[in-house]
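Please treat every number below as a calculation from the coordinates, not as lab data. All values reported here derive from a predicted model rather than from experimental measurement. Neighbour counts run over all protein chains shown; Cβ positions are idealised from the backbone, glycine included.
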Amino acid sequence: MIIVCETKASEAQIAAIQQKIREAGLAVHRSDGVEHTVLGVVGDRSRLDMQAFALMPGVRDVVPVSTPYKLASREFHPEDTAVQVGEAAAVGGPEVAVIAGPCAVESEQQIEATAEFVARCGARILRGGAFKPRSSPYSYQGLGVEGLALLRRAADRHGLALVTEVMTIEQIGPVAESADLIQVGARNMQNYPLLTALGRCGKPVLLKRGMSATIQEWLMSAEYILAAGNARVILCERGIRTFETATRNTLDLSAVPVVKHLSHLPVIVDPSHGVGNRRFVAPMARAAVAAGADGIMVEVHPDPDRALSDGPQSLTFEEFSALVNRCRIIATTIGRRLDKGK
């Protein structure tokens, strides 16, 4: 449930309410909005007398939260959440964040050239896989720890934050040392031990939607991270598996406004994995910005035809530049902005 405090509730009154919740053995999460402070109660609410709380000084209303995802719910946190990623970027504010880079880091030359170019175009966050989950055990699996070092150096040289994927609990430590944002891939969206561990890691988390996950299942996975103590979660729509085979996945752009209605968490879109064909990436990126996405994540490679991973969906430098310029126009039209680059 949530407890909405009076506009003029004193700090002493709010503290007394929080203390009463904790005495019942439940957790309380405070959210200070523009007009009201909202206290979210997490746990078995049957242990609380809602009427007793309604009569406490400083309480305006006591409202049961109907959704199973409490901390991710907009009922609990009415204001939009913005997540700071390193010093270079924020996701969820007025600016549409651009995350760009290769599917996988292959060499210093490749990642350096890509980082320099995407930063010049207006990207704020460099993406690239050091550990790659592949459907085939014979496909390129990434450079591992060496790849993390290459990514970090390239990001630092060009003033970018860095996001890269983690696949196991054991990888969290080395990835957290290098990355500003830790990505959970679609295959791990319901790896609950991993999500709980990431809730304690101290770094923001980018949570991709599972290939066959409903929006509620996606938000419940975010709840695992939030409940473990990490409030900095970014959601990523990357396409779901349907009967359609013309594209790699079916990019569910309706998820953007739906999630924004249900949750306060920022949501970005990955059109590269959504369609799997570079020909369709730019139109879907533009549509994502128009739909209200807080950012786009695009795969870019100096020579996509020779990429070791996901070449068919990776953009050339020229294609990426054109995409960003057009998305910038759309962002301005809907009252947002997109960085002009260097």
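Quick one: Karplus J couplings for the stretch 53-61, per residue in order, coefficients 6.51, -1.76, 1.60, θ = phi - 60°, nearest Hz, x for Gly and Pro?
5, 4, 8, 6, x, x, 9, 8, 7
Can you pull the percent of Cα pairs in the stretch 2-152 with separation above 21 Å?
Cα-Cα pairs in the stretch 2-152 separated by more than 21 Å: 61 percent.
In nm, to one decimal, how far is the ASP80 label point from the THR242 one, both placed 7 Å along Cα→Cβ?
Going from the ASP80 label point to the THR242 one covers 2.6 nm.
What are the ³J(HN,Hα) values, in whole Hz, obtained from phi via the Karplus relation 6.51 cos²θ - 1.76 cosθ + 1.60 with θ = phi - 60°, for each residue of the stretch 144-153 in sequence order, with x given for Gly and Pro?
Per-residue couplings from phi come out as x, 4, 4, x, 4, 5, 5, 4, 5, 5 Hz.
What percent of all Cα-Cα pairs in the stretch 2-63 falls into each 10 Å bin, going from 0 up to the bin containing the maximum distance?
For the stretch 2-63, the pair-distance distribution reads 24, 62, 14, 0.
Hey, fewest Cβ within 10 Å first, where do ILE240, ILE234, ILE169 land in order?
On the way: ILE240 20, ILE234 28, ILE169 14.
Listed from fewest to most nearby Cβ atoms, that is ILE169, ILE240, ILE234.
Cα atoms only: what Rg and Dmax, in Å, come out for the stretch 273-338?
12.1, 39
Taking the Cα centre as origin and putting +1 on Lys and Arg beta-carbons and -1 on Asp and Glu beta-carbons, what dipole magnitude results for the stretch 2-63, to the nearest 20 debye?
Working: 7 positive and 8 negative charges, 25 e Å.
Charge dipole, the stretch 2-63, about its Cα centre: 120 debye, nearest 20.
Looking at THR242, LEU198, VAL91, which one has the Cα that reaches farthest to the positive end of the dipole of the chain (charges on Cβ: Lys, Arg +1; Asp, Glu -1)?
So the residue we want is THR242.
Give the relative contact order (percent, whole number) for the chain; include only Cα pairs under 8 Å separated by 6+ residues.
Working: 749 pairs, mean separation 56.9, N = 342.
This gives 17 percent for the chain.
VAL34 to ALA231: extension gain in nm, 0.36 nm per residue of separation minus the Cα-Cα distance? It would help to have the intermediate numbers written out before the result.
Values: separation 197, 0.36 × 197 = 70.92 nm, distance 1.90 nm.
Contour length minus the Cα-Cα distance gives 69.0 nm.
What dipole magnitude, in Debye to the nearest 20, does the chain give about its Cα centre under +1 on Lys/Arg Cβ and -1 on Asp/Glu Cβ?
Values: 37 positive and 37 negative charges, 61 e Å.
The calculation lands at about 300 debye.
Compute, for the stretch 294-342, the length of the dipole vector about the Cα centre, with Cβ point charges of +1 (Lys, Arg) and -1 (Asp, Glu) only. Units Debye, rounded to 20. Let's see the in-between values first.
Numbers: 7 positive and 8 negative charges, 89 e Å.
Computed about the Cα centre, the dipole is about 420 debye.
Cross-link partners among aspartates and glutamates for LYS8, C-alpha distance below 16 Å, same-chain residues fewer than 8 apart left out?
Cα-Cα hits under 16 Å: ASP32, GLU35, ASP61.
Identify, among ILE169, SER263, VAL38, the residue whose Cα sits farthest towards the positive end of the charge dipole of the chain, taking +1 on the Cβ of Lys and Arg and -1 on the Cβ of Asp and Glu, with the dipole about the Cα centre.
Farthest towards the positive end: SER263.
Can you tell me what the convex hull of the Cα atoms of the stretch 190-256 projects to on average, as an area in nm²?
On the way: hull surface 18.3 nm².
That works out to 4.6 nm², a quarter of the Cα hull's surface.
Which chymotrypsin sites (Phe, Trp or Tyr not before Pro) does the stretch 186-279 hold that lie in a coil by DSSP with at most 14 other beta carbons within 10 Å? Intermediate results must be reported in sequence, preceding the final value.
Values: sites: TRP218, TYR224, PHE243; in loops: PHE243.
Loop-located and lightly packed - PHE243.
Using a Debye calculation, one point per C-alpha and no hydration shell, please list log10 I(q)/I(0) for the stretch 83-333 at q = 0.07, 0.17 Å⁻¹ in order.
With no solvent term, the Cα-only Debye profile gives -0.19, -1.36.
What aspartates and glutamates sit close enough to LYS208 to cross-link, taking a C-alpha to C-alpha distance under 12 Å and skipping anything fewer than 8 places away on the same chain?
Partners found: GLU165, GLU217, GLU237, ASP270.
Under a 5 Å amide H to amide H cut-off, with H placed in plane at 1.01 Å, what residues pair with ASP61 once short-range neighbours are removed?
So ASP61 has HN proximity to VAL4.
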